[in-house]
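Engineer: Below are the structure tokens for one structure; questions will follow.
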Amino acid sequence: MPEYKLPDVGEGLTEAEIVAWHVKVGDVVEINQIVVEIETAKSIVELPSPYAGEVTAILVEAGEMIPVGTPIIAIGEPAAATADAPVEIDLSNPAASGGGEGESLVGRNKADRGPVRRARKVASGAAAAHMQAQAAFEAGESPMVEADETPVPSTPATTAPAASVQVLAKPPVRKLAKDLGVDLRSLTPTGPNGTVSREDVESAAGGTSSEVAAPVARSYDTRPGERETREPIKGVRKMMGQAMVQSAFTVPHVTEWVTVDVTRTMELVERLRSRREFREVKISPLLVLSRAVMLAMRRTPEINSWWDEAAGEVVLKRYVNLGIAAATPRGLVVPNVKDAESMSLLELAQALNALTATAREGRTQPAEMAGGTFTITNVGPFGVDGGTPIINPGESAILCFGAVKKAPWVVDDEIVVRQVCTLALSFDHRHIDGEKGSRFLSDVAGMLEDPATALVF
Amino acid sequence: MSTQSSGETPGFGPDLVEVFGPSQQDGGPELVQLLTPEGERVEHPDFSFDLGDDAILGFYRDMVLTRRIDTEATALQRHGELGIWAQLLGQEAAQIGAGRSLRPQDFVFPTYREHGVAWCKGVDPLDLLGLFRGVDQGSWDPADNNFGLYTIVIGAQTLHATGYAMGLQRDGVVGTGDPDRDAAVIAHFGDGASSQGDVNESFIFAASYNAPVVFFCQNNQWAISEPIERQTRIPLYQRALGFGFPGVRVDGNDVLATYAVTQAALQRARDGQGPTLVEAYTYRMGAHTTTDDPTRYRLSDDLERWKLKDPIARVKAYLRRNGVADDSFFADVQQEADDLGHRLREGCKALPDPQPLSMFDHVYSEMTEELVAQRDGFAAYLESFEGAH
């Protein structure tokens, strides 16, 4: 009965987890029909069946981690014999049938064949000399030969080739010995595995070279100009610096955060990607977050406002120019999507795509950065969970979107793996109190946890 | 905020970032195309496809069988029968177009992904499987089919190709005017290899010596996980100009255009007019190798967009729409592909494991004394085991 053994689908992988079976006992499968999905240290891989026939046994359950070479499925004689039916597979496929020395090494469990070693003949003559040379390379506690074998003769071999390899030393050590005029054969090796070490050569040379090799006290280089690089503060970097100082030291910041299960948002993203009208745009969790922010602002409009110190007024804006903080080769820029609150999800996706593409090319125009009313900073792509972002000048709040990661999460009192991320909101505490900030943040988090709640807004 | 630096710098021309703007999404206006993704023949001022529909039927068969070799080998790796496989999915037109434009006397220096060119040159696909199964280190004789061994070192073969081309010049088989005698060399490489020193040195030598070599770069947009826009700031074909020979960008998913452009470039070389860089603009629809997981670094949207430009689908559309082929033709090719798949599956498993002593056979063209001594020593070592013959 042919059994499909877990192959090494990468280079040197030793194990994999069965993620999901695509077939069950009784199913009739064809050659190269996908039967199972596995996850290795490198990737998720679908495995095609090497055999045609009826599935007679699933040998490993989904969720189990198993070593390469483990039989995972048994496939019986095909219901009706076809030209493709590999009835003589066991004869023509030693790799799949396992077994002993001499069969194909491809796809076999390395652990299965690891220590198999044939017994050696009684050592004699040239072979013995060769074996001694081999043994010289081995550490004493791990002999090349089996313990029950005739010991290798301890007398020096008489053949010339063996003698020439009796002195073991690395090439740089040999070079040193040659340079210093030291005969390697005259030394007592002290290095690992009986090799002549650099120290052996140096001490034999009378210590002259040790002096050379001794570490010289390093003098401290006091010329800062030689060891430092001075870059001018200008352009995007200068703008970023001024904006951050102005905001951080005039606006009293408060930061709150919440960690949220975004599994359903990620599922929504996948569903959107498969929709025809979204085919030409990049769909990301950032898009869903942006839309959720638009909706949550309806309930907490103060988030989208500005403390006008000079006029002594708080300016509540009925439009949202949604800023996206973008890392570019030239530094941080925050272009914004104008009137984002009035856009459909598709329009918002197109606008975000265009905005980030322009920013990455370094072609963002000043007008695209002016007039922002609220900012999202997306630190997820850097693998960061969150932070305490600084509000963009002229605005009252900024939302930091952390990395979406798989994490243990409690659902119905059970710990399960979910995709979670952290949202951190900094807001201007002069006019946005903790209640408003918290409500906005939890509204947004609620929509990411369950996108259906967007209908409430 | 100042964005002056993103525009033009006086005296230094336009900002090069623009070359990867939206206008380049589909290869840009300089892309040579003779068959659209919808299967419509179109004209180009400089290049035309001069063969008849019979040739296009042949190209279709070549591409379908090449894709079958690729999918079958990928499956064999998943079965545990191959150590690794480098997929060509999506690059069939680039390889068949280039492979079919060769004359018997032309010589190919491939990468490890040139399964379609190997097919055109008559190398048995089972020989390719032997290399990836690890039972040999490339078993075909390059002299038999004028098809070099797969080169794993990235870009190294471009130097070999250039040297070989300079050898052709010294043999006097370039620019004689005899079509059966004049020969050229084609050096395959990818967009990632274009950053290698070897490739750039080859360009310089080929230009300096006017060597009869076509540098055929399949730009499949990804050097494993590194996207092309991080690899170069100008379209790759334009690099040739800096070395002093022409470069052209062809739609690598269009077998007719690839054939026409490569054929013209090879003829230039045979005529003694020197090297050409052909950038076949294509897309690696599969993984880099069976060990790679492209979903970790590229968007499925991109893959979906390129699926619409599938090299085989457009030829099939052309053949059907113009009544060149009927259902029986497509069924015959499909049957031939199935038979090939069966032969590869069975043949792969039957490939013999190598004899340990065979590793000494092809180190040098002739055995050296040292090598003989090593081989004999190893033979004695093998003999030292019980049960040895």
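The values are calculated or read from the model by the stated rules, or taken from the named source; none is laboratory data. Only a predicted model underlies this, so the values are computations on that prediction, with no experimental measurement involved. A quick note on method: Cβ atoms are made from the backbone with ideal geometry, for glycine too, and the neighbour counts reach across all protein chains shown.
Engineer: Looking at A:Val334, A:Val288, A:Val320, A:Val293 in this structure, which one is more than 17 Å from A:Gly372 (Cβ to Cβ) and in contact (Cβ under 8 Å) with a residue 40 or more places away in the chain?
Structural biologist: Just a single option satisfies the conditions, and that option is A:Val288.
Engineer: Check whether at least one residue in segment B:320-329 is aromatic (Phe, Trp, Tyr) and either surrounded by fewer than 23 Cβ atoms within 10 Å (Cβ to Cβ) or not assigned by TED's automatic domain parsing to the domain that holds B:Ser194 (or both), and report yes or no. Explain how you work it out, then say what you get.
Structural biologist: We begin by selecting, within segment B:320-329, every residue aromatic (Phe, Trp, Tyr); these are B:329.
With either surrounded by fewer than 23 Cβ atoms within 10 Å (Cβ to Cβ) or not assigned by TED's automatic domain parsing to the domain that holds B:Ser194 (or both) added as a condition, the list becomes B:329.
Yes, the conditions are met somewhere in segment B:320-329.
Engineer: Could you say which residue among B:Gly134, B:Gly122 is surrounded by fewer than 21 Cβ atoms within 10 Å (Cβ to Cβ), in the same structural domain as B:Phe59 (by TED's automatic domain parsing) and farther than 22 Å from B:His288 by Cα? Reasoning before the result, please.
Structural biologist: Working: B:Gly134 fails: farther than 22 Å from B:His288 by Cα.
Of B:Gly134, B:Gly122, the one residue that is surrounded by fewer than 21 Cβ atoms within 10 Å (Cβ to Cβ), in the same structural domain as B:Phe59 (by TED's automatic domain parsing) and farther than 22 Å from B:His288 by Cα is B:Gly122.
Engineer: Tell me, yes or no, whether segment B:94-105 has at least one residue that is under 16 Å from B:Arg284 (Cβ atoms), buried (at least 21 other Cβ atoms within 10 Å of the Cβ) and within 14 Å of chain A (Cβ to nearest Cβ).
Structural biologist: No: zero hits.
Engineer: Quick check on segment A:75-94. Is at least one of its residues at pLDDT 90 or above and out of contact with any His (no Cβ under 9 Å at 6 or more places or on another chain)? If you could, list the steps in order and put the result at the bottom.
Structural biologist: Kept after step one, since they are at pLDDT 90 or above, are these residues of segment A:75-94: A:75.
Cutting the leftovers down to out of contact with any His (no Cβ under 9 Å at 6 or more places or on another chain) gives us A:75.
Yes, some residue in segment A:75-94 is at pLDDT 90 or above and out of contact with any His (no Cβ under 9 Å at 6 or more places or on another chain).
Engineer: Which one of the conditions (1) more than 7 Å from every other protein chain (Cβ to nearest Cβ); (2) at pLDDT 90 or above; (3) in a loop (DSSP other than H, G, I, E, B); (4) touching a Leu at 6+ places or on another chain (Cβ under 8 Å) does A:Ile38 fail to meet, given that it meets all the rest?
Structural biologist: All conditions are met except number (3).
Engineer: A follow-up question, please. Would you mind stating whether B:Ala265 is away from chain A (no Cβ under 14 Å), of a type outside the set (Ser, Thr, Tyr) and either crowded, with 23+ Cβ neighbours inside 10 Å or assigned to a loop (DSSP other than H, G, I, E, B) (or both)? Can you show your working first?
Structural biologist: Values: away from chain A (no Cβ under 14 Å): yes; of a type outside the set (Ser, Thr, Tyr): yes; either crowded, with 23+ Cβ neighbours inside 10 Å or assigned to a loop (DSSP other than H, G, I, E, B) (or both): yes.
Yes; evaluated as a whole, the condition is true for this residue.
Engineer: For segment B:337-352, check the following and say yes or no: at least one residue is surrounded by fewer than 15 Cβ atoms within 10 Å (Cβ to Cβ), away from chain A (no Cβ under 11 Å), without any contact (Cβ under 8 Å) to a residue 60 or more places away in the chain and in a loop (DSSP other than H, G, I, E, B).
Structural biologist: no
Engineer: So, one more: Determine if segment B:94-108 includes at least one residue that is of a type in the set (Asp, Glu) and not in a helix (DSSP H, G or I).
Structural biologist: Checking segment B:94-108: at least one residue is of a type in the set (Asp, Glu) and not in a helix (DSSP H, G or I).
Engineer: Another question about this same structure. For segment B:288-311, does any single residue satisfy the condition of being over 27 Å from B:Gly27 (Cα atoms) and not small (Gly, Ala, Ser)?
Structural biologist: At the first step, the residues of segment B:288-311 found to be over 27 Å from B:Gly27 (Cα atoms) are B:290-291.
Still in the running and not small (Gly, Ala, Ser): B:290-291.
Checked against the condition, which is being over 27 Å from B:Gly27 (Cα atoms) and not small (Gly, Ala, Ser), segment B:288-311 yields at least one hit.
Engineer: Sticking with this structure for a sec: Being of a type in the set (A, V, I, L, M) and within 19 Å of B:Phe215 (Cβ to Cβ) is the filter here; which residues of segment B:163-182 pass it?
Structural biologist: Quick first cut of segment B:163-182, residues of a type in the set (A, V, I, L, M) only: B:165-166, B:168, B:173-174.
Listed by number, the residues that qualify are B:Ala165, B:Met166, B:Leu168, B:Val174.
Engineer: Among the residues of segment B:321-336, which ones are in a helix (DSSP H, G or I) and either touching a residue at least 24 places away in the same chain (Cβ under 8 Å) or among the acidic types (Asp, Glu) (or both)? Before the answer, list the steps.
Structural biologist: Initially, segment B:321-336 is screened for residues in a helix (DSSP H, G or I), giving B:321, B:327-336.
Answer for segment B:321-336, where residues must be in a helix (DSSP H, G or I) and either touching a residue at least 24 places away in the same chain (Cβ under 8 Å) or among the acidic types (Asp, Glu) (or both): B:Arg321, B:Asp327, B:Phe329, B:Asp332, B:Val333, B:Gln334, B:Glu336.
Engineer: Can you tell me which residue in segment B:78-93 is nearest to B:Gly252 (Cα to Cα), limited to those that are away from chain A (no Cβ under 14 Å) and assigned to a helix (DSSP H, G or I)? Walk me through it before giving the result.
Structural biologist: Step one: filter segment B:78-93 for residues away from chain A (no Cβ under 14 Å), giving B:88-93.
From what is left, the residues that are assigned to a helix (DSSP H, G or I) are B:92-93.
Values: B:Glu92: 9, B:Ala93: 6 Å.
Result: B:Ala93.
Engineer: Checking B:Arg314 against (1) without any contact (Cβ under 8 Å) to a residue 12 or more places away in the chain; (2) surrounded by 13 or more Cβ atoms within 10 Å (Cβ to Cβ), which single condition isn't satisfied?
Structural biologist: (1) is the only condition that B:Arg314 fails.
Engineer: In segment A:323-374, which residues are assigned to a helix (DSSP H, G or I), polar (S, T, N, Q) and under 24 Å from A:Ile303 (Cα atoms)? Explain how you work it out, then say what you get.
Structural biologist: The initial filter retains those residues of segment A:323-374 that are assigned to a helix (DSSP H, G or I), namely A:340-342, A:345-360, A:366-369.
Still in the running and polar (S, T, N, Q): A:342, A:350, A:353, A:356, A:358.
Selection gives A:Ser342, A:Thr356.
Engineer: Residues that are in contact (Cβ under 8 Å) with a residue 60 or more places away in the chain, in contact with a Leu (Cβ under 9 Å, 6 or more places away or on another chain) and farther than 23 Å from B:Phe59 by Cα: which helices (runs of 4 or more DSSP H) entirely in segment B:120-184 hold 1 or more of them?
Structural biologist: In segment B:120-184, B:125-133 are the helices (runs of 4 or more DSSP H) which contain 1 or more residues that are in contact (Cβ under 8 Å) with a residue 60 or more places away in the chain, in contact with a Leu (Cβ under 9 Å, 6 or more places away or on another chain) and farther than 23 Å from B:Phe59 by Cα.
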